[in-house]
Amino acid sequence: MTSERIVLPNLPQNDAPEELLQQYGCGPIKFNGSNNALYERHLLFDNALPSSEVGNRERYEAAARSVRDILSQRWQQTDQAYNQENPKRIYYLSMEFLIGRSLSNNILNLRLEPLVGQFLKENQLDELAILAEEPDAGLGNGGLGRLAACFLDSMAAMQLPGMGYGLRYEYGIFKQTIVDGWQQEQPDNWLRRPDPWEVARPQHAVTVELGCSFEVRGGNLKAITGAPSKLLGIPYDRPIVGYGGKTINTLRLWASAAPNSFDFQEFSAGEFVSALAESLTAETVTRVLYPDDSTSMGQGLRFVQEYFLVACSLADLIRRFRMNNSDWNNLPDKVAIQLNDTHPSLAVAELMRILLDDAALGWERAWDITKRSLAYTNHTLLPEALEKWPLRWFELMLPRHLQIIGKIDRLLRQEAMVRWPDDQGRVERAAVIEPGGGLVRMAHLAIVGSHSTNGVAAIHSRLLRDVTVRDLAELYPERFNNKTNGITPRRWLLLSNPDLSNCITNAIGDRWITKTEDLERLKPLADDGEFLGAVRMAKRRAKLRFAEWLKSQAGIRVDPDTIFDSQIKRIHEYKRQLLNALRIVALYNRIRENPHIDMPPRTFFFAGKAAPAYHVAKLIIKFLNNLADTIDGDPATRGRLQVVFIPEYCVSVAERLVPASDVSNQISTAGYEASGTSNMKFMMNGALTLGTRDGATIEMADAAGEENFFLFGLTAEQVAASQGWYSPWWHYENEQETRAVLDLILSGHFSRYEPVLADAMRNILLTGGDTYRHLADFTSYMEADMRLQSLYAKPQDWTRMVVRNLAGSGRFSSDRTISEYASAIWNAKPCLVP
Ligand code: 26W
């Protein structure tokens, strides 16, 4: 594997607006200001509304459509360039793309802000109100889906011929409301209004064949055996604008539908209603995103969704390959398919089916081509998240794939037997089909059927190789590698934090936008008083802006003169929101016991969703809300401690809270968080990290210098080594503050009306054995917190540390990650669009 870096193009930074439009092939078209101008035409004609009835939603649609008009020429040129040059293409297959909003991001990446700014001013329009009309495209649960979206941004910015394939869910991640402290879920009907970014391409619809038919009963899919059926996949394309607008790639999302062919016979036979019912069943497949993060629920509909994504995407990319290439042997030289977790790992069997049955290749040839075309990324080690699908479902729906997987499993066992002739246990551990259980291990299928398996941070890749799939890693050591995650600095710094961005650009110029390694040049400025003042001012502005927004949105008042201390991510026991709660209770106790104690005032922010079926996670949300209420109502801590649970965490909320935060909590039990990516967002936005040695946080501390991080807690090795003997009771009995905190919680102080809550806390933290080691890490968390508090009392020193973090954060750009994937896994090069 080589590791040559791809160099991003230098972009002309200051084109005049008219020249920009020319560059996008728009000729004499204007954005506004004439009879023919884009915006005015859209506003006037698209909704056929009199101007008196035009509101911000219509203005948003007109603005988005205008921006799409501007980029559409360039979008087509990108496609043409790829067709002409026939470069190796990258296909990123993912069940999730957590995109968020697109209008402001596309304006930024097209560098249209001067033009749009001028337009807004001339027309006296409220920019924020218009932008707020765009719903978040919430087609993902959390880190894995957001990573996919950042990767698309980086591929386009780096002019790589990459494309995303996903599903066009009608309902994205549920909307969260908090009622009496409890999470309630509402459907996210984000397509209720037409989405201006998507373009339907019915001419490229794909037919998917299944071995059975389906009925929807009680919300679940019921298979009807012996009646093969077909589904239609209709592609909807979304533009992915690379920074500078040179390359505009495509995210292709598939919507399921019934093939119209079979309706007709039934219509004429008088079965009008049942024919339509059938099409409703077909449309069910892409109706809703599964809201489970880290647990495989093993639902039949999910299995069909996964196959549907794989079948549509492979058919589509093979069609494209065949347009320019006649020799199947060239597939791995022209196509790199990256599997985002095991969710699309049926691609191994599907590509084999295509090569064996459609291309009529022999097994050896087909197997070699398949392995060289596919690569797999693992995103979690949690056993409950590793997908295993029943053989029975393959028999029913995908009998041909079952044959193929059966043969893959037999050949793998033979190989393992040669390697470990005396160890049947190892052979069974390595196998694809689980012994006895009748289950297919999808991670094993992805590993044997591809040439690369990577984890998403150094520690995670190591644990994956040495522990989780050790046997396969010993069989195929050359396949295993690490690609530490990253985030796009365009959305997560330039767009979301204009004050800090300006401050950086004023100091070192704007090359950092595409070359984040430039941020290292900030390091000497850690001793420049003027620069420190500017950074402090930028943080203050972001906090004021956030406080303003929170007041207007949720009616919650927070004080920007307090430390903003945040933990925002999915609610999960291993992420340990409860450890954070223990810390807050300890601080609360300290103030109540000693009202004159010297402690900087703080605001603690939580945000995150719980999987609707994850009972404990929902109890944690309730507990956090009770904590907030109790502390709010206690005069002893008023003005000194405040806890806020922000409902409906999503990309847009993160874009606001991250820039405003002073402290980032990354406190998972070591060994459990594969990488984390919000940790990187906070670091790039000038927050200091309180964290465990887990995931990418380890590498972040390394990059900034450990002395600039507040690390605490057990290492992954210590957590594993204590498996046999760990007991939370020891901490309860021997640590005074630990006991005081638990006693207060268990007394019902925070759950007077819900005794079940105190019971649940006792069970999670004590009687249930404290699986995630909250109590083991509590004391060292408090120590780290004390160090942080005393640093905050010295603003100059605090900001100096912030700058050292910023200077070390460049490595965590997704441009760096993508350049590593491109050179070491994909062997793909940029393809310039003339
Ligand atoms: C099948 C149910 C299911 C759904 C999603 C199981 C597992 C998942 C994901 C793998 C969970 C996920 O988002 N993992 C996160 O991936 C991020 C991007 O690599 C990492 O930064 C996070 O640490 C990891 O938890």
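Laboratory data are not the source of any read-out in this text; all were calculated from the coordinates shown. Keep in mind the model is a prediction, meaning the values are calculated, not measured. Cβ: placed from backbone, ideal geometry, glycine included. Neighbour counts: every protein chain shown.
Treating only the Cα positions of the stretch 41-156 as identical point scatterers, give the base-10 log of I(q)/I(0) from the Debye formula at each q in 0.12 Å⁻¹. Per q value, in the given order, log10 I(q)/I(0) is -0.57. Excluding residues on the same chain fewer than 8 positions from residue 88, give the aspartates and glutamates whose Cα lies under 14 Å from its Cα. Straight-line reach from residue 88, under 14 Å: 79, 333.
Work out, step by step, the length gained on full extension between residue 780 and residue 548: first 0.36 nm times the residue separation, then minus their alpha carbon distance; give nm to one decimal. Display every interim value, and only then the final one.
Values: separation 232, 0.36 × 232 = 83.52 nm, distance 3.47 nm.
Here the answer is 80.0 nm.
Provide the FRET efficiency to the nearest 0.05 for the residue 598-residue 193 pair, computing r from the beta carbons and using R0 = 45 Å.
Working: r = 53 Å, r/R0 = 1.18.
With a Förster radius of 45 Å, E is 0.25.
Placing dummy labels 7 Å off each Cα toward the beta-carbon, the span from residue 462 to residue 730 is 2.4 nm. Distance from the Cα centroid of the stretch 59-76 to that of the stretch 309-326 is 28 Å (rounded to whole angstrom). For residue 121, the lysines whose Cα falls under 19 Å of its own Cα, not counting residues fewer than eight places away in the same chain, are 30. Full extension of the chain between residue 280 and residue 414 gives 43.7 nm of extra length, using 0.36 nm per residue less the Cα-Cα distance. A helix-only calculation puts the chain at -13500 deg cm²/dmol for mean residue ellipticity at 222 nm, using -39500 (n - 2.57) for each DSSP H run of at least four residues, averaged over all residues.
Measuring max minus min along each principal axis, the C-alpha atoms of the stretch 214-342 give extents of 53, 39, 32 Å (largest first).
Could you order the peptides 806-812, 386-392, 123-129, 583-589 from most to least packed, using the average number of other C-beta atoms within 10 Å per residue? Working shown, then result.
Values: 806-812: 23.7, 386-392: 17.7, 123-129: 11.6, 583-589: 20.3.
Put in order of decreasing packing, that is 806-812, 583-589, 386-392, 123-129.
Packing here is the average count of other Cβ atoms within 10 Å per residue, and on that basis the peptides 70-80, 682-692, highest first, run 682-692, 70-80. Charge dipole (Cα centre; +1 on Lys/Arg Cβ, -1 on Asp/Glu Cβ; no other charges) of the stretch 757-817 amounts to roughly 340 debye. Positive-end ranking of 774, 834, 724 along the dipole of the stretch 724-834, with charges on Cβ about the Cα centre, is headed by 834. Of all DSSP-defined beta bridges confined to the chain, some 45% are antiparallel rather than parallel. Given R0 = 60 Å, the distance between the Cβ atoms of residue 113 and residue 423 translates into a calculated FRET efficiency of 0.45.
The label-point distance for residue 743 and residue 224, in a model that sets each label 7 Å from Cα toward Cβ, rounds to 6.7 nm.
Residue 615 to residue 322: extension gain in nm, 0.36 nm per residue of separation minus the Cα-Cα distance? Present the calculation step by step, with values, prior to reporting the outcome.
Working: separation 293, 0.36 × 293 = 105.48 nm, distance 4.91 nm.
Contour length minus Cα-Cα distance gives 100.6 nm.
Volume per residue of the convex hull around the Cα atoms, evaluated for the stretch 105-198, comes out as 146 Å³. 3J(HN,Hα) along the stretch 409-418, derived from phi through the Karplus expression 6.51 cos²θ - 1.76 cosθ + 1.60 where θ = phi - 60°, amounts to 4, 4, 5, 5, 4, 4, 4, 5, 5, 5 Hz, with x in place of Gly and Pro. From the largest down, the chain spans 81, 78, 59 angstrom on the principal axes of its Cα atoms. Set the bar at 22 Å for Cα to Cα. Now go through 222/388; 551/618; 483/829; 175/222; 483/539 and name every pair that lies beyond it. Violating the 22 Å Cα-Cα cut-off are 551/618; 175/222; 483/539.
For the stretch 115-126, the Karplus equation 6.51 cos²θ - 1.76 cosθ + 1.60, evaluated at θ = phi - 60°, returns couplings of 5, 5, x, 4, 4, 5, 5, 4, 9, 6, 9, 8 Hz by residue, with Gly and Pro reported as x.
Sequence-ordered 3J(HN,Hα) estimates for the stretch 385-391 from the Karplus curve with 6.51, -1.76 and 1.60 and θ = phi - 60° stand at 9, 6, 6, 9, 10, x, 3 Hz, glycine and proline given as x. Our summary gives the chain a relative contact order of 14 percent, counting only alpha carbon pairs under 8 angstrom and 6 or more residues apart. The relative contact order of the stretch 317-414, computed from alpha carbon pairs under 8 Å that lie at least 6 residues apart in sequence, is 32 percent. Each of 744, 690, 78 was placed along the dipole of the chain (beta-carbon charges, centred on the mean Cα), and the one lying farthest toward the positive end is 78.
Ordering 272, 375, 394 by the projection of their Cα atoms onto the charge dipole of the chain, which places +1 on the Cβ of Lys and Arg and -1 on the Cβ of Asp and Glu, puts 375 at the extreme positive end.
On a C-alpha basis, how far is the centre of the stretch 733-779 from the centre of the stretch 155-208 in Å? Whole number, if you could? The two parts, judged by their Cα centres, are 40 Å apart.
Between the beta carbons of residue 506 and residue 794, assuming R0 = 30 Å, the FRET efficiency works out to 0.75 to the nearest 0.05.
From most to least packed by mean Cβ count within 10 Å, the peptides 513-523, 136-146, 595-605 give 136-146, 513-523, 595-605. If you find the alpha carbon centre of the stretch 589-629 and of the stretch 404-469, how far apart are they in angstrom? Value for the Cα centre distance between the two parts: 42 Å.
Note on the stretch 329-422: with charges restricted to the Cβ of Lys and Arg (+1) and Asp and Glu (-1), its dipole about the Cα centre is near 160 debye. Ordering 574, 60, 307 from the fewest to the most neighbouring beta carbons within 10 Å gives 574, 60, 307. The label-point distance for residue 556 and residue 272, in a model that sets each label 7 Å from Cα toward Cβ, rounds to 5.3 nm. For the chain, the Cβ-based charge dipole about the Cα centre amounts to some 620 debye (Lys, Arg positive; Asp, Glu negative; other atoms uncharged).
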